[in-house]
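Chemist: This structure is in structure tokens; I'll ask about it shortly.
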Amino acid sequence: MQADTKTIKKSFAKSIDKYSEHAVVQNLTAKILATEIAKIETDFKTVLEIGAGAGVLTEQVREKLCFETFFANDLTEKSEKYVKKILPSSKFFAGDFRRINFRQKFDLIISNAVFQWFDNPEKVFSMCKNLLNPNGILAFTTFDKDNFSELKNITGLTLDYKTADEWKVLLGKDFEIIFDHGFEHVLYFDNPLEILAHLKNTGVNSLSEKPFSVLQVKKLCENYRHAYPDLRLTYKPLVFIVRNTAD
Ligand SMILES: C[S@@+](CC[C@H](N)C(=O)[O-])C[C@H]1O[C@@H](n2cnc3c(N)ncnc32)[C@H](O)[C@@H]1O
């Protein structure tokens, strides 16, 4: 399934205060992304971050890259406070990235753990291409097809994650791929309820439109324990850095 923008906004707005502390894997992917960008280039004039949230990637970029102007966007206006705390002179655009009319071009567009929420990544890539200066860089992380395979097996709920190869085909139409990397990161929990709390605190509960009933939660916990006694939750992150080659 693909969650609708209203549900995504609501669920991230709710989780934003707890997000950084619980988003173990997103913290890791932000670190990898910023480190890999810095190996390619460290100085940029204008940077745009899509879906900045609580500023997990913003923080990494401040540490590892140099830039003159930082622009940030998120569906929820609550994100502005977090971004401004890290980069007080940044400019913030609240709303759906796909609907914002940016008036300038960028040298670097970054995004951590956001692109899986777009039901039309092709459109987003062509927007990014139009927003990038020649030779500008788009760098983002997302998740592979088997992300949260445990949840999919138990509940049937999943986002329409793409495979690494599907992402590469889409990216190859508009960009030169200069870095791509996929890996697996497994988190272990003491209790199935902790898994549900982890998903809620990282905004992922927007997978289902209605909250689970008490009975559904009980059944889910039983099924999880039965299918995965070690109470694992598998993340499959993907990291891409691509360049806007001249047409
Ligand atoms: C998993 S969080 C990632 C937050 C942050 N990028 C990080 O490094 O942890 C996903 C973020 O993407 C934002 N988002 C989702 N769809 C969006 C859209 N269409 N336009 C702008 N932001 C969006 C959500 O509001 C949320 O803050």
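The values are calculated or read from the model by the stated rules, or taken from the named source; none is laboratory data. Source: prediction; values computed, not measured. For neighbour counting, all protein chains shown are included, and Cβ atoms are generated from backbone atoms with ideal geometry for every residue, glycine included.
Chemist: Is it the case that some residue within region 34-44 is under 26 Å from Pro211 (Cβ atoms) and either at pLDDT 95 or above or within 11 Å of the ligand (Cβ to nearest atom) (or both)?
Modeler: no
Chemist: Go through region 75-104 and give me each residue that's assigned to a helix (DSSP H, G or I), of a type in the set (D, E, K, R) and near the ligand (Cβ under 9 Å from one of its atoms).
Modeler: Arg98, Arg99
Chemist: For Glu122, state whether it is more than 14 Å from the ligand (Cβ to nearest atom) and in a helix (DSSP H, G or I).
Modeler: Criteria met by Glu122.
Chemist: So which pairs qualify, if the first residue must be in region 73-98 and closer than 25 Å to Asn120 by Cα and small (Gly, Ala, Ser), the second must be assigned to a loop (DSSP other than H, G, I, E, B) and at pLDDT 95 or above, the Cβ gap must be under 8 Å, and the two must be at least 6 apart or on different chains?
Modeler: Note: pairs meeting the criteria are Ser79/Ala52; Ser79/Gly53; Ser79/Ala54; Ser79/Gly55; Ala94/Leu75; Ala94/Thr76; Ala94/Glu77; Gly95/Leu75.
Chemist: Further, regarding this structure: Could you please find all residues in region 65-93 being of a type outside the set (A, V, I, L, M), under 18 Å from Asp107 (Cα atoms) and under 19 Å from the mean Cα position of the chain (by Cα)?
Modeler: Passing the criteria: Phe70, Phe71, Asn73, Phe92, Phe93.
Chemist: From the list Leu57, Leu28, exactly one residue is of a type outside the set (D, E, K, R), near the ligand (Cβ under 9 Å from one of its atoms) and not in a strand (DSSP E or B). Which is it?
Modeler: After applying the criteria, what remains is Leu57.
Chemist: Could you check Lys200 against (1) surrounded by fewer than 16 Cβ atoms within 10 Å (Cβ to Cβ); (2) in a helix (DSSP H, G or I) and say which number it fails?
Modeler: So Lys200 meets the others, but not (1).
Chemist: Show the residue pairs that are 6+ apart or on different chains and have beta-carbon atoms under 6 Å apart, the first residue being within region 36-55 and farther than 17 Å from Leu131 by Cβ, the second being within 13 Å of the ligand (Cβ to nearest atom) and among the hydroxyl-bearing types (Ser, Thr, Tyr).
Modeler: Gly53/Ser79; Ala54/Tyr19; Ala54/Ser20; Ala54/Tyr82; Gly55/Tyr82
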